[in-house]
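First up is the structure itself, then whatever we jot down about it.
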Amino acid sequence: MPTDIEWKQLNQKGEKPSARSGHTLSWIGAQNYMLFGGIEESMVHNPKENTYERKIGPNADVYMMKLSPNDTLWVKETGVNGDDHPLARSQHVAITINDGQRVFFFGGHHTPKCRLNDTWIYQVAQKEWLRVGDEGDNTENAASNCGAPAPRANMGSVLYEGKIYIQGGHGGLGFARTAFNDIFMFDPEDLTWHHLDTVSEKVPDGRGGHSLFASDGKLYIYGGWNSEQHYNSMW
């Protein structure tokens, strides 16, 4: 008989993040985790009216969290080295690589009309962001010059045998609202993107918000949605 499953709410200590969604929480070794971004609700002071206004939008927060059986300890990372940092975002990809030494980040929503296709590596020990490619911030939904996928959010992602795979998502160049069904592979060692062609005559419909996982030399997707329907198919 399987062990009974029980939920337990943990105590949170330190600099607890604000309520948010669309963020990522990545393992960075031992009992340590890195939280990045997400959409949060905040109250912004209007000095002219001396009032506070409700604001909902993405952030570029970095928090470190240490996990113990009954508690979590949060620390907001303010001493990040270097002058180049990612824009605020949500619904992006974050995948731990090199046994927690680095974390890969890609894409996401910056605003409702701006989807990103920038690629970043966060080097944990150095507390430093590394931008992949020589392009600056892309807020015009333009193509990448380093071979990265078109701007998008809500894509599936997985790390398999040392390579990162990105499949699908919602976005596109300019103001397109495309549901993608393409597959890209990123090599964390030489920092290069590769678009993977398919020989299948029948392919899954474009979608985002789906699950992507890998097993025994195969990639699998399940579920997702586009502008017309939700899916419960497995490919």
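The values are calculated or read from the model by the stated rules, or taken from the named source; none is laboratory data. Keep in mind that what you see is a predicted model, and the values were worked out from it rather than measured. Using ideal geometry, Cβ is built from the backbone for each residue, glycine included, and neighbour counts are taken over all protein chains shown. Note: areas computed on protein heavy atoms with side chains; ligands, DNA, RNA excluded. Shrake-Rupley method; radii C 1.70, N 1.55, O 1.52, S 1.80 Å.
Taken together, the residues in the stretch 3-52 that are within 21 Å of the chain's Cα centre (by Cα) and open to solvent by 60 Å² or more (accessible area, probe 1.4 Å) amount to 8.
Any chance you could count how many residues in the stretch 166-200 are closer than 25 Å to Asp99 by Cβ and open to solvent by less than 40 Å² (accessible area, probe 1.4 Å)?
We begin by selecting, within the stretch 166-200, every residue closer than 25 Å to Asp99 by Cβ; these are 166-167, 184-194.
Restricting the remaining residues to those that are open to solvent by less than 40 Å² (accessible area, probe 1.4 Å) gives 166-167, 184-188, 193.
So the answer is 8.
Take the conditions in contact (Cβ under 8 Å) with a residue 40 or more places away in the chain and of a type outside the set (Ser, Thr, Tyr) and apply them to Gly209. Does it pass?
yes
Tyr222 meets each of the listed conditions (1) open to solvent by less than 60 Å² (accessible area, probe 1.4 Å); (2) touching a His at 6+ places or on another chain (Cβ under 9 Å) apart from (1).
Has the stretch 117-137 got at least one residue that is open to solvent by less than 60 Å² (accessible area, probe 1.4 Å), under 17 Å from Ser21 (Cβ atoms) and out of contact with any Lys or Arg (no Cβ under 6 Å at 6 or more places or on another chain)?
The initial filter retains those residues of the stretch 117-137 that are open to solvent by less than 60 Å² (accessible area, probe 1.4 Å), namely 117-124, 129, 131-133, 135-136.
Next cut, under 17 Å from Ser21 (Cβ atoms) only: none.
No, every residue in the stretch 117-137 fails to be open to solvent by less than 60 Å² (accessible area, probe 1.4 Å), under 17 Å from Ser21 (Cβ atoms) and out of contact with any Lys or Arg (no Cβ under 6 Å at 6 or more places or on another chain).
The residue that is nearest to Pro58 (Cα to Cα), counting only those in the stretch 6-37 that are in a loop (DSSP other than H, G, I, E, B) and in contact with a Ser or Thr (Cβ under 8 Å, 6 or more places away or on another chain), is Gly37.
Would you confirm whether or not the stretch 204-224 contains a residue that is basic (Lys, Arg), assigned to a loop (DSSP other than H, G, I, E, B), over 17 Å from the mean Cα position of the chain (by Cα) and on the phi < 0 side of the Ramachandran plot? Scanning the stretch 204-224, I find no residue that is basic (Lys, Arg), assigned to a loop (DSSP other than H, G, I, E, B), over 17 Å from the mean Cα position of the chain (by Cα) and on the phi < 0 side of the Ramachandran plot, so the answer is no. Taking first residues from the stretch 145-164 that are closer than 17 Å to Asp187 by Cα and partners that are part of a loop (DSSP other than H, G, I, E, B) and at pLDDT below 95, the Cβ contacts under 6 Å between residues at least 6 apart in sequence or on separate chains come to Asn145/Glu135; Cys146/Gly133.
Of the residues that make up the stretch 165-184, is at least one without any contact (Cβ under 8 Å) to a residue 24 or more places away in the chain and farther than 16 Å from Gly108 by Cβ?
Of all residues in the stretch 165-184, those without any contact (Cβ under 8 Å) to a residue 24 or more places away in the chain come to none.
No, there is no match, as no residue in the stretch 165-184 is without any contact (Cβ under 8 Å) to a residue 24 or more places away in the chain and farther than 16 Å from Gly108 by Cβ.
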